[in-house]
Amino acid sequence: MNKKNNKLVGAGVLSAVAASLCCITPVLALISGASGVASTFSWMEPARPYLIGITVLVLGFAWYQKLKPQTAEEIQCDCEEDEKKPFMQTKTFLGIVTVFAALMLAFPKYAHIFYPSNDNKEVVIVNASDIQAVTFDVKGMTCNGCASHVENDVNKLPGIIKVDAIYEEATAKVEFDQTKVSLAQIEEAINGTGYKVVGKK
């Protein structure tokens, strides 16, 4: 029974991590400096609702197993329960796993906090006629973390005034000084994140 509970807990954690892998990867890529791998797990996004459902069901069943009343046989055979249970078989451990799984499932909602803010970036505009705004169609973004990753990398270029990546629309709207940065450089920066520019307007 205890081995069964351990397997359930492991399956719950695994499915929770898998459900958020597409959003965790860009943050890990930013931290490690390997931004090209950011979109590696974006193909998993369509399966996210199913993985969330599996996580909830598995952890729910594990809690049911842990909290259900003992049967008469289990009460009579209480002699084994006298010895201290290993930590991995306690309610405390299951509680920790449940909190961890919840944090993983909610990761797309707060992934953007891991990216540095570019609000204080100063751009000197010499001639207003040099300002250009282009909307890039970007394939592969699946959450706010993906959009923040694109914004972060494009903002590193000189002459960028504003970047607004929106994963729901699969776009990145970039306002820039064309005397300091080219369209090709911006496209290269977006592609360097692992997401792909498939068009622009």
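Let me spell it out: the conditions are (1) under 24 Å from Lys109 (Cα atoms); (2) assigned to a helix (DSSP H, G or I); (3) of a type in the set (Gly, Ala, Ser), and Ala165 meets all of them except one. Which number is the exception?
Exception for Ala165: condition (2).
Of the residues Thr135, Thr98, Thr179, which single one is of a type in the set (Ser, Thr, Tyr), outside any helix (DSSP H, G or I) and in contact with a helix residue (DSSP H, G or I) (Cβ under 6 Å, 6 or more places away or on another chain)? Steps first, answer last, please.
Working: Thr135 fails: in contact with a helix residue (DSSP H, G or I) (Cβ under 6 Å, 6 or more places away or on another chain); Thr98 fails: outside any helix (DSSP H, G or I).
One residue alone meets the criteria, Thr179.
Scanning region 171-200 for residues that are surrounded by 18 or more Cβ atoms within 10 Å (Cβ to Cβ) and among the small types (Gly, Ala, Ser), which turns out modelled with the lowest pLDDT?
Of everything passing the filter in region 171-200, Gly194 is modelled with the lowest pLDDT.
I'd like to know if region 131-138 contains one or more residues that are surrounded by fewer than 16 Cβ atoms within 10 Å (Cβ to Cβ), charged (D, E, K, R) and out of contact with any Gly (no Cβ under 9 Å at 6 or more places or on another chain).
Within region 131-138 (the criterion being surrounded by fewer than 16 Cβ atoms within 10 Å (Cβ to Cβ), charged (D, E, K, R) and out of contact with any Gly (no Cβ under 9 Å at 6 or more places or on another chain)), the answer is no, since none of the residues qualifies.
Using beta carbons and a limit of 9 Å, which pairs, at least six apart or on different chains, have the first residue in region 39-66 and outside the structural domain of Thr142 (by TED's automatic domain parsing) and the second one modelled with pLDDT under 80 and not in a helix (DSSP H, G or I)?
Correct list of pairs: Gln65/Met1.
Quick check on region 182-201: of everything there that is assigned to a loop (DSSP other than H, G, I, E, B) and touching a residue at least 12 places away in the same chain (Cβ under 8 Å), which residue is nearest to Ala128 (Cα to Cα)? Step through it out loud before you land on a result.
At the first step, the residues of region 182-201 found to be assigned to a loop (DSSP other than H, G, I, E, B) are 182, 193-195, 201.
Of the ones still in play, those that are also touching a residue at least 12 places away in the same chain (Cβ under 8 Å) are 193-195, 201.
On the way: Thr193: 30, Gly194: 32, Tyr195: 30, Lys201: 20 Å.
In this case the residue turns out to be Lys201.
Only residues that are among the charged types (D, E, K, R) and either touching a helix residue (DSSP H, G or I) at 6+ places or on another chain (Cβ under 6 Å) or not in a helix (DSSP H, G or I) (or both): list them for region 138-162, please.
Lys139, Asp153, Lys156, Lys162, listed by residue number.
Might you check whether a residue that is under 30 Å from Asp164 (Cβ atoms), modelled with pLDDT of 75 or more and not in a loop (DSSP other than H, G, I, E, B) occurs anywhere in region 113-121? Reasoning before the result, please.
Initial filter on region 113-121 (under 30 Å from Asp164 (Cβ atoms)): 113-121.
From what's left, modelled with pLDDT of 75 or more: 113.
Retained after the next criterion (residues that are not in a loop (DSSP other than H, G, I, E, B)): 113.
Yes, region 113-121 has at least one match.
Here are some residues: Ala133, Ala128. Which one is at pLDDT below 85, more than 30 Å from Ala16 (Cβ to Cβ) and not acidic (Asp, Glu)? Quick ask: steps written out before the conclusion?
On the way: Ala133 fails: at pLDDT below 85.
Being at pLDDT below 85, more than 30 Å from Ala16 (Cβ to Cβ) and not acidic (Asp, Glu) holds for just one of Ala133, Ala128, which is Ala128.
Since Cys79 meets every condition but one in (1) part of a loop (DSSP other than H, G, I, E, B); (2) modelled with pLDDT under 65; (3) among the hydrophobic types (A, V, I, L, M, F, W, C); (4) exposed (fewer than 11 other Cβ atoms within 10 Å of the Cβ), which condition does it not meet?
It is condition (1) that Cys79 fails.
The values are calculated or read from the model by the stated rules, or taken from the named source; none is laboratory data. The structure displayed is predicted, hence computed values, not measured ones. Positions of Cβ are backbone-derived with ideal geometry, glycine not excepted, and every protein chain shown enters the neighbour counts.
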